[in-house]
Ligand SMILES: *Cc1c(COP(=O)(O)O)cnc(C)c1O
C-alpha cells in the first residue's frame with residue numbers, strides 16, 4: 001500500500017509518506033518497530049550473503065530488517081537516489097565506503113579539511129592498508145587536477161565542510177573525477193538533501209550522518225550511503241553486511257519519525273541561521289561570521305548556485321576565543337555548549353586551530369594552511385542554530401557575549 005508515484009510529490013509529502021508501509025496485519029498507520037534480530041526461515045533458505053537475493057524474505061537483521069528498510073526507502077526518495085544503505089553511524093558508513101572503493105595500491109584524493117574522524121582515519125589507518133591518500137583543498141579544482149593519478153579511484157569531499165563551511169563545486173569535481181575514471185563521494189551532512197542533491201550533480205555516492213539534520217533530534221546515531229542500485233548492491237553484500245556496522249532498528253524508527261518534519265525543520269534552521277548570522281555580523285565583539293547564506297561568504301555565489309537552503313551551520317570568530325569559551329559556558333542559558341549539530345536545540349562549540357591542526361588536519365602546503373587561516377584564524381565557534389525562536393537564540397548570545 002505504499003504510494004506508487006511518490007517521486008512526483010513535494011518534499012514534505014515525501015518526508016512523511018515515502019518508504020512507509022502500514023502493517024498488513026494490524027493496519028497500523030505508523031511504521032512498525034521490528035526489533036527481532038532473526039526471522040522464521042523457509043526450509044530451503046541459504047546461509048550465505050552470496051546467495052542473498054533482493055526479494056528474499058527477511059533472514060537476519062544485519063542482512064536487512066523491515067524497519068531499517070523503510071528508513072532506507074524514505075532516504076532514497078528524499079535524495080532522489082536509486083538506493084540507500086543505512087549504517088550504525090556516519091563514520092560507519094564512511095569506513096564501509098572507503099573499504100569498498102579502495103584497495104591496496106589505489107590512490108584517493110580527500111578534502112584536506114573535513115569531519116575530524118574522517119581526517120584522522122585517512123591520515124593514519126587507511127594509508128596503513130597501502131592505500132595512498134592525497135589531501136587537497138577541494139574548493140580549488142586545479143589542486144584536484146594536479147593531484148589526480150592513473151590509480152586514483154576516489155575523490156572524497158564535504159560541502160559545506162566541517163568545521164569551516166568552505167564549499168566545493170560538486171558538478172565540476174564530478175567531471176574531473178569521471179574524466180579519469182575515478183568516483184566522487186560527497187559527505188552532504190551539512191547541506192542535507194533539501195539544499196543539495198549531489199547525485200543529480202554527478203556524484204557517485206552521497207553520505208550523511210543521520211545523527212545530524214536527518215534524524216534531527218539528537219537522540220539517535222546513524223549513517224547512510226546513497227547512490228545507484230548497480231553500485232550499492234555489491235556494497236551492501238560485500239561490505240556493509242560483513243563489516244557489521246548495522247543500524248539499530250530502534251534508531252531507524254526514531255530517525256524515520258524525525259524525518260517526517262525534516263523539510264519543515266530545514267526551513268526554520270535556515271531562517272533562524274540567517275537572523276543569527278546577521279546579528280553576529282554587526283556585534284562589536286565578533287570579528288568574522290562565516291555562513292554560506294551571507295553575501296560576505298567568500299563562495300556565496302557558489303552557495304547560491306549549489307544550495308537551495310543555506311542550512312543552519314555557521315561559525316564566528318571573536319577577539320580572544322579561548323577566554324570567551326569560559327564566559328559563554330558560564331552565561332549561556334538556552335544554547336548548549338556541546339558537539340554535534342543539526343538538532344532541534346542550538347549547540348555551540350569552540351574549535352581551537354592549534355589543537356585541530358595537531359590532531360586532525362595535516363597540511364602539506366602553505367596554500368592549505370592559508371585557506372584554513374582565512375576561514376578559521378586561531379579558532380572559531382561553530383554554532384548549530386536550532387529551532388528555538390530566533391529572538392531567544394539571539395538574546396542568549398547577546399547576554400552571554402556582553
Ligand atoms: C557527524 C559527522 C560525521 C560522522 O557522523 P557520526 O554519525 O557521528 O558517526 C561525518 N561527517 C560529517 C560532516 C559530520 O558532521
Any idea which residue in segment 121-132 is nearest to the ligand (Cβ to nearest atom), counting only those that are surrounded by fewer than 16 Cβ atoms within 10 Å (Cβ to Cβ) and part of a helix (DSSP H, G or I)? 125
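Quick grid of which residues meet (1) modelled with pLDDT under 95; (2) in contact with a strand residue (DSSP E or B) (Cβ under 7 Å, 6 or more places away or on another chain):
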{"position": "98", "(1), (2)": "no, no"}
{"position": "109", "(1), (2)": "no, yes"}
{"position": "117", "(1), (2)": "no, no"}
{"position": "124", "(1), (2)": "yes, no"}
{"position": "134", "(1), (2)": "no, yes"}
{"position": "148", "(1), (2)": "no, yes"}
{"position": "151", "(1), (2)": "no, yes"}
{"position": "178", "(1), (2)": "no, no"}
{"position": "185", "(1), (2)": "no, yes"}
Determine if segment 48-68 includes at least one residue that is under 30 Å from residue 150 (Cα atoms), crowded, with 16+ Cβ neighbours inside 10 Å and within 16 Å of the ligand (Cβ to nearest atom). no
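Does residue 384 satisfy the condition of being modelled with pLDDT of 95 or more, within 27 Å of residue 123 (Cβ to Cβ) and within 16 Å of the ligand (Cβ to nearest atom)? Reasoning before the result, please.
Details: modelled with pLDDT of 95 or more: yes; within 27 Å of residue 123 (Cβ to Cβ): yes; within 16 Å of the ligand (Cβ to nearest atom): yes.
Taking the combined requirement at face value, the residue satisfies it.
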Taking interchain pairs and intrachain pairs at least six residues apart, which have beta carbon atoms under 6 angstrom, with the first residue in segment 90-113 and farther than 27 Å from residue 372 by Cβ and free of Cβ contacts under 8 Å to residues at least 60 places away in the same chain and the second within 12 Å of the ligand (Cβ to nearest atom) and not in a helix (DSSP H, G or I)? none
Looking across segment 196-213 at residues that are closer than 15 Å to residue 91 by Cα and assigned to a loop (DSSP other than H, G, I, E, B), the single one that is nearest to the ligand (Cβ to nearest atom) is 211
Please specify each residue of segment 366-388 satisfying the condition of being surrounded by fewer than 21 Cβ atoms within 10 Å (Cβ to Cβ), in a loop (DSSP other than H, G, I, E, B) and in contact with a strand residue (DSSP E or B) (Cβ under 9 Å, 6 or more places away or on another chain). 377, 378
Is it the case, given these coordinates, that residue 193 is part of a loop (DSSP other than H, G, I, E, B), within 16 Å of the ligand (Cβ to nearest atom) and in contact with a helix residue (DSSP H, G or I) (Cβ under 9 Å, 6 or more places away or on another chain)? no
Is it the case that some residue within segment 206-213 is under 15 Å from the mean Cα position of the chain (by Cα), farther than 30 Å from residue 353 by Cβ and touching a residue at least 24 places away in the same chain (Cβ under 8 Å)? no
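Identify, from the list 93, 88, the residue that is over 17 Å from residue 183 (Cα atoms), under 22 Å from the mean Cα position of the chain (by Cα) and modelled with pLDDT of 95 or more. Spell out how you get there, then give the answer.
Working: 93 fails: over 17 Å from residue 183 (Cα atoms).
Unique residue meeting the criteria: 88.
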In the set 221, 294, which member is closer than 23 Å to residue 383 by Cβ, touching a helix residue (DSSP H, G or I) at 6+ places or on another chain (Cβ under 7 Å), buried (at least 16 other Cβ atoms within 10 Å of the Cβ) and without any contact (Cβ under 8 Å) to a residue 40 or more places away in the chain? 294
Looking at segment 224-244, which of the residues that are within 16 Å of the ligand (Cβ to nearest atom) and surrounded by 21 or more Cβ atoms within 10 Å (Cβ to Cβ) is modelled with the lowest pLDDT? 240
Out of all the residues in segment 248-261, is one or more within 16 Å of the ligand (Cβ to nearest atom), assigned to a loop (DSSP other than H, G, I, E, B), surrounded by fewer than 24 Cβ atoms within 10 Å (Cβ to Cβ) and within 17 Å of the chain's Cα centre (by Cα)? no
Here the residues within segment 303-328 that are surrounded by fewer than 23 Cβ atoms within 10 Å (Cβ to Cβ) and assigned to a loop (DSSP other than H, G, I, E, B) are 307, 308, 309, 319, 320
Checking the conditions here, which among 142, 151 is away from the ligand (no atom under 16 Å from the Cβ), without any contact (Cβ under 8 Å) to a residue 40 or more places away in the chain and farther than 21 Å from residue 341 by Cβ? 142
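The values are calculated or read from the model by the stated rules, or taken from the named source; none is laboratory data. As the structure is a computational prediction, the values presented were derived from the model and not from experiment. We place every Cβ from the backbone using ideal geometry, glycine too, and count neighbours over all the protein chains shown.
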